[in-house]
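See below for the structure under consideration.
Bear in mind these aren't lab numbers, they're just calculated from the coordinates by the rules spelled out. Every value quoted in this text rests on a predicted model; they were computed, and no experiment measured them. Backbone-built Cβ (ideal geometry, glycine too); neighbour counts: all protein chains shown.
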Amino acid sequence: MEIFVQQLINGLTLGSIYGLIAIGYTMVFGIIGMVNFAHGDVFMLSAFISLIFFLILTTWLGISSVVLALFFVLIIAMILTSLWGWAVERIAYRPLRGSFRLAPLISAIGVSIFLSNFVQVAQGARNKPTPPMVGDVIVLFQGASGYNVALSYKQIIIMMVTAVLLTVFWYVVQKTSLGRAQRACEQDRKMAALLGINVDRTISLTFVIGAALASVAGTMYLLYYGVVSFSDGFVPGVKAFTAAVLGGIGSLPGAVLGGLIIGLIETFWSAYFSIEYKDVAAFSILAIVLIFMPSGILGRPEVEKV
Amino acid sequence: MNAPSITTTAQNEAPSRNFDLAAASKDALKAALITLGLSIPILSYKTNQSGADLFLTSRWGLVAIICAIVFGLRLVLHAFTASRAYAKATPSAHQATEPVGATPNAFQHVSKFAIPFFLGVALAFPILIYLIQGGLNESRYWVDLGILILTYVMLGWGLNIVVGLAGLLDLGYVAFYAVGAYSYALLSTTFGLSFWICLPLAGILAAFWGMILGFPVLRLRGDYLAIVTLAFGEIIRLVLINWVDLTNGGAGISSIPRATFFGLPFTAGEGGFAATFGLEFNGMHRMIFLYYLILALALLTNFVTMRLRKLPVGRAWEALREDEIACRSLGINTTNTKLTAFSIGAMFGGFAGSFFAVRQGFVSPESFNFLESAIILAIVVMGGMGSQIGVAIAAIVLVGGPEVLRNLTFLQSVFGSGFDPNEYRLLLFGMGMVAMMVWRPRGLISEREPSVILKERKAISGSLVKEGHG
């Protein structure tokens, strides 16, 4: 029982990180129908940006309050990662509109290889450990066998930040003119253009929002695990994509739901079955979902137009 | 990501002889500023480690250099597009209007002479190297490099069946390479089977796995298929790592028996290859044998592919690549067609894998990670999907290039003594894949013989077909 509650807390934390990344996949897929393979690496890049700014703020500028430093780091990382998201779309994806079917995916794989090796060349291949940021825990209750069920402050921070940002993001998509333009482009790009929507700008902004949310995930990942390396974009990227597919690709609540489910499955699998095969479990779920229910939990079934 | 892209602004301007320097500089400055933004902080600060602590060292000089390079490139690009727009708007008297059919361009002329040339060089390579280096032992490095390049040529051609002909993006090709390598490693160490029995078995097993994995996923749409093959590739690698009883886990399988010359081992003693043919024993005999072995395997791949293209199944692959819905309405069984492409591609991957195992004498799961798949895919993409000679050239350039660059000493004096081009190899691969998709999505050599001819041979322009070419 104690292990169950503890894993539930851990799983929800991990799931919020996956959910934040999954939104980037699902939004881009919704609007231009491509799998943005490089999204996982944008996430990894943002974790590095956060790491460097955290070091700058704490050691050079001498900010001693970790929460304050994290707040600044989050904002700076969001801005800079958004710039990367914008640049990637502008250089690697926009010239490919109307090219053949697989071109954007191949280009995205190229970007993914570029980004991870760019970070490797620029920052070195070793794992980068951060100084412990938030160490305190709240002991929720103590089990009979002396096993403490603990909720750490960083888990609280991660879940709170995720919840707040998702609310803001939900508001943007549902209530603002940008969100309306986005949903219009999702339904019919040509018609949206005829009605005076700047489609290129809307698509760019979609990438920017996706990258910003990925940067939040990157900062939270760094906070949670305290270590990052250049190859860390791949596996979380694939898991977040699995989350997006599981929830129904194109559906925003689906991405969050899928993220939480994948996070829970991963932690429970590690706890009750074997930790070595946790990635195999995640990859298998991806294959099974795509084969047997490609429209996911909340997605619409795809209609093929001739 | 610092490579500048073609802007629309420069192209839309009315062509004039005068190149608008002010506007171009302004745009180049903008590009440089964006580069500056992108370099903060990932380039400008490097995290170094001392003990458990991280500290930062700043590198603003490097950032300044890169921004200056981007500025310059952008300016040159503007000048280039402006002059091209001018040339287009004022056609010369010699040039007629653009022909409807394809005029063979410089790239297309290449392939006519390239095939016999490359074949000749490949066949004579060990002899040439022997003559140039002046000895068997001196030529070891180059023959080894030749084997490496040919392995990638073969993998590229194998993947080309799946990606280039059938238009199925397979991101887990390395899984079949791994199946082939582990098949040989396990069969030979456990049952003592020889290489010549294991080679076809490895191919069959890989094709079998291709069928098992392909069957459920081949009705998925293109990009989903790519992701699922990626997932399968990773699953196979993770199973190889974790199933320690069978595969010895991450430590890998070592002391795999070496290849024999059709039964004659390459050993020094009596009954060995050298003794039988009355030669002085030299370890290079085995290397040269391996070289010709992989050359033969690669040529077999190429030959089979070219013949298959002329069969109905090959034509169905290409039709499938162009339009799946049309294929289905014409009564082609798309699942079976895809499955044959998938499993034949996998079979050649399996052959290459068992060659890899016999060459290395050691296999471990780390040789079969996603990056390897990405490298093979990069070779196929940059060679121009579907073009056999293009794939060979791409393999030579992408695998051999960094090795050659490493030996150029003047590069070290420019970039510092620790400069190793191999570090930048994947960086360039990634950029190359993007650049290829943006500028020449149909490949560097966008010409191929049509597989069916009505009366006379005509080259088909890439712009007349939707995907691929030919």
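For a Förster distance of 45 Å, can you work out the FRET efficiency between the beta-carbons of B:Leu131 and B:Lys310, rounded to the nearest 0.05?
Values: r = 39 Å, r/R0 = 0.86.
Rounded to the nearest 0.05, the efficiency is 0.70.
Would you kindly state how much longer the chain becomes between B:Glu366 and B:Ile65 on full extension, computed as 0.36 nm times their sequence separation minus their alpha carbon distance, in nm to one decimal? Walk me through the numbers before you get to the answer.
Values: separation 301, 0.36 × 301 = 108.36 nm, distance 3.63 nm.
Difference between extended and current length: 104.7 nm.
Highest mobility in the GNM of chain A, judged by mean-square fluctuation with C-alpha springs under 10 Å and restricted to A:Ile23, A:Ile63, A:Ile262, is found for A:Ile63.
Net charge within 14 Å of A:Lys278 by Cβ-Cβ distance, Lys/Arg positive one each and Asp/Glu negative one each, not counting A:Lys278 itself? Net charge in that neighbourhood comes out at -3.
The C-alpha atoms of chain A define a longest principal axis, and helix A:278-292 lies at about 30 degrees to it.
Note on segment A:130-244: dipole from Cβ charges, positive end direction compared against A:Val235, A:Thr130, A:Thr167; the farthest Cα belongs to A:Thr167.
Remark: mean inter-chain Cβ contacts per residue of B:423-431 equal 6, using a 10 Å Cβ-Cβ cutoff to other protein chain atoms. Taken about its Cα centre, segment B:115-464 carries a charge dipole of roughly 960 debye when the Cβ of each Lys and Arg holds +1 and the Cβ of each Asp and Glu holds -1.
First measure r as the distance between the Cβ atoms of A:Leu8 and B:Glu280, then evaluate 1/(1 + (r/R0)^6) with R0 = 51 Å and state the FRET efficiency to the nearest 0.05.
Computed FRET efficiency for A:Leu8 and B:Glu280: 0.10.
This ranking places B:Trp439, A:Trp170, B:Trp317 by how few other beta-carbon atoms lie within 10 Å of each, fewest first, which gives B:Trp439, A:Trp170, B:Trp317.
Using a Gaussian network model of chain A in which every pair of alpha carbons under 10 angstrom is joined by a spring, one finds that among A:Ala217, A:Ala192, A:Ala243 the greatest mean-square fluctuation is at A:Ala192.
Here segment A:235-306 is assigned +1 on the Cβ of each Lys and Arg and -1 on the Cβ of each Asp and Glu. Its dipole about the Cα centre then comes out at about 160 debye. Couplings 3J(HN,Hα) for segment B:295-312, derived from phi with the Karplus relation 6.51 cos²θ - 1.76 cosθ + 1.60 (θ = phi - 60°), are 5, 5, 4, 5, 5, 4, 4, 4, 4, 4, 4, 5, 5, 4, 4, 8, 7, x Hz, where x marks Gly and Pro.
List B:Ser58, A:Ser50, A:Ser99 from most exposed to least, where exposure is judged by having the fewest other Cβ atoms within 10 Å. Could the numbers behind the result be given before it?
Working: B:Ser58 12, A:Ser50 29, A:Ser99 16.
Arranged by neighbour count, lowest to highest, B:Ser58, A:Ser50, A:Ser99 become B:Ser58, A:Ser99, A:Ser50.
Extension gain, A:Ile79-A:Thr167: 0.36 nm per intervening residue step, less the Cα-Cα distance, totals 29.8 nm.
Which of A:Ser82, B:Ser44 has the fewest other C-beta atoms within 10 Å, and how do the rest follow up to the most?
Numbers: A:Ser82 22, B:Ser44 19.
Ordered by Cβ neighbours within 10 Å, fewest first: B:Ser44, A:Ser82.
So which residue, out of A:Phe71, A:Phe53, A:Phe43, gets the largest mean-square fluctuation from a GNM of chain A using Cα contacts under 10 Å as springs? Answer for the Gaussian network model of chain A: A:Phe71. Shielding by partners for peptide B:236-249, expressed as the average number of C-beta atoms from other protein chains within 10 Å of each residue's C-beta, is 2.
If I stretch the segment between B:Ile212 and B:Ala23 completely, what's the gain in nm (0.36 nm per residue apart, minus their alpha carbon distance), one decimal? Mind showing how you got there, number by number?
Details: separation 189, 0.36 × 189 = 68.04 nm, distance 5.83 nm.
Gain on stretching B:Ile212 to B:Ala23: 62.2 nm.
Scalar couplings 3J(HN,Hα) for segment B:385-398, obtained by applying the Karplus form with A = 6.51, B = -1.76, C = 1.60 to θ = phi - 60°, are 4, x, 9, 6, 5, x, 5, 4, 5, 4, 5, 4, 5, 6 Hz; x denotes Gly and Pro.
Beyond a 27 Å Cα-Cα separation, which of these cross-linked pairs lie in this structure: A:Lys154/A:Lys278; A:Lys128/A:Lys154; A:Lys175/A:Lys239; A:Lys278/B:Lys46; A:Lys128/A:Lys239? Checking Cα-Cα distances, A:Lys175/A:Lys239; A:Lys278/B:Lys46 exceed 27 Å. Each Lys and Arg contributes +1 and each Asp and Glu -1, all at the Cβ; summed about the Cα centre of the protein assembly as shown, the dipole is approximately 1820 debye. By how many degrees, 0 to 90 and rounded to 10, does the Cα axis of helix A:39-55 deviate from the longest principal axis of chain A? The two axes meet at around 50 degrees. The simple spin-label model puts a point 7 Å past each Cα toward its Cβ; for A:Ile138 and B:Leu145 those points are separated by 6.4 nm. Residues whose amide H falls under 5 Å from that of A:Leu140, counting only those 5 or more places apart or on a different chain, are A:Val149, A:Ala150, A:Leu151, with hydrogens built in the peptide plane.
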